1. Counting only heavy atoms of the protein chains, get the accessible area per residue of the chain (1.4 Å probe) and round it to a whole Å² value.
2. When the chain is modelled as a GNM with alpha-carbon springs shorter than 10 Å, which of ASN88, ASN123, ASN23 fluctuates the most?
3. What ranking do 281-288, 54-61, 201-208 get when scored by the average of other Cβ atoms within 10 Å per residue, highest first?
4. Hey, any idea what % of region 1-54's accessible area is carbon plus sulfur with a 1.4 Å probe?
5. Identify which of THR141, THR150, THR67 has the largest mean-square fluctuation in a Gaussian network model of the chain, with springs joining Cα atoms closer than 10 Å.
6. Mind listing the Cα extents of region 182-300 along all three principal axes, in Å, largest one first?
7. Straight distance only, please: which lysines reach the Cα of LYS269 with their own Cα at less than 24 Å, same-chain residues fewer than 8 apart left out?
8. If we sort 263-274, 25-36, 218-229 on the protection proxy, mean other Cβ atoms within 10 Å, highest first, what's the order?
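The values are calculated or read from the model by the stated rules, or taken from the named source; none is laboratory data. Computed from a prediction, not measured in an experiment: that's the story for all the values here. Here the Cβ is made from the backbone with ideal geometry for all residues, glycine too, and neighbour counts use every protein chain on show. Side chains are part of the model used for accessible areas, which takes the heavy atoms of the whole protein and leaves out ligands, DNA and RNA. Shrake-Rupley method; radii C 1.70, N 1.55, O 1.52, S 1.80 Å.
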Amino acid sequence: MRVKILGSAAGGAFPQWNCACPNCRALRAGTFRGKARTQTQVAVTEDGRCWFLLGASPDLRAQIEATPELQPRDGVRESPIAGAVLVNADIDQVLGLLLLRELQPLRIHATASIRRILRENNNIFAMLNRVPQQVVWTDITPGECFCLSTVAAQDSGLHCETFSLNSHYPMYVGRSAGLSPQQSSLGLILGVSSGPRMAYLPAVPEVDSSLLERLETVDLLLFDGTFWSDDELIKVLGSGATAREMGHIPVSSEVGSLQKLKVLRRPRKVFLHVNNTNPMLDESGPEYREVRAAGWEIAEDGWRFDL
Ligand SMILES: [Zn+2]
């Protein structure tokens, strides 16, 4: 299995268009020791030809242009991208679907609740279903395993395990009746049968013992690195929500992910979905050194893992 990180920042990217936090300001001034990043986007393949996107980021068009493996090969209209798996309905995880609207056949795996939010409550997504055999929507049942396949039902060789991580829907969803709390936010574990496995968890509200058990079975862990501290946005903006209120366990502190995931022995541990305010992006700072000393890496756009 090959895993490409096309984007590694949280929503808004780094730098963010309207942000003048110390990180964004220093990056624009050319004095920042660290990399710019586009919004989180991961792509996976088993054979190097048939690719699946994990989520669909608002930066997807530029991310595809920066990734030759994902560009058209034969014919006038063609794409190696066979489909996508949606882990939640956050804008930075679904907006990119609209950029894939040019009548390309795709299979989109999503929970029934997320499918309903997009197809029934947001009719702009009807552009994905203008003609038959454009986008085929396949329901994910959290807790079940499925095979990623093309619209033509060709098996990609990739298996995907899913589990619920949260019960909250994004703010724009409002109070729609009939949405299942278990279907709001998923963790994914992907792999080939009896081969290496990768976990993708860009939004994790809490780490408990069952999650730890799951994560000890994987070889590569891509984990929520959104915020360094629970009050990070409040410190920068003077008001706002805490990391936990936004569904993200912070990296630091006794109850943060660095500490809670310290017991994991097997996986290579990589933070992604890093917010532009997060001080660990600064490679000259103590937070970056602490993360690296704990054996973690911080994903950068363009990274590739061969498992
Ligand atoms: Zn910023």
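1. Result: 44 Å² per residue.
2. Most flexible of the set in this elastic network: ASN123.
3. Values: 281-288: 16.2, 54-61: 23.4, 201-208: 19.6.
Per-residue mean Cβ counts within 10 Å order the peptides as 54-61, 201-208, 281-288.
4. Using a 1.4 Å probe with all protein chains present, region 1-54 comes out at 49 percent carbon and sulfur.
5. Looking only at THR141, THR150, THR67, the largest GNM fluctuation is found for THR67.
6. Projected onto its principal axes, the Cα set of region 182-300 covers 49, 36, 25 Å.
7. Answer for LYS269, where 24 Å is the Cα cut-off: LYS4, LYS35, LYS260, listed by chain and number.
8. Values: 263-274: 18.9, 25-36: 13.9, 218-229: 24.4.
Final packing ranking: 218-229, 263-274, 25-36.
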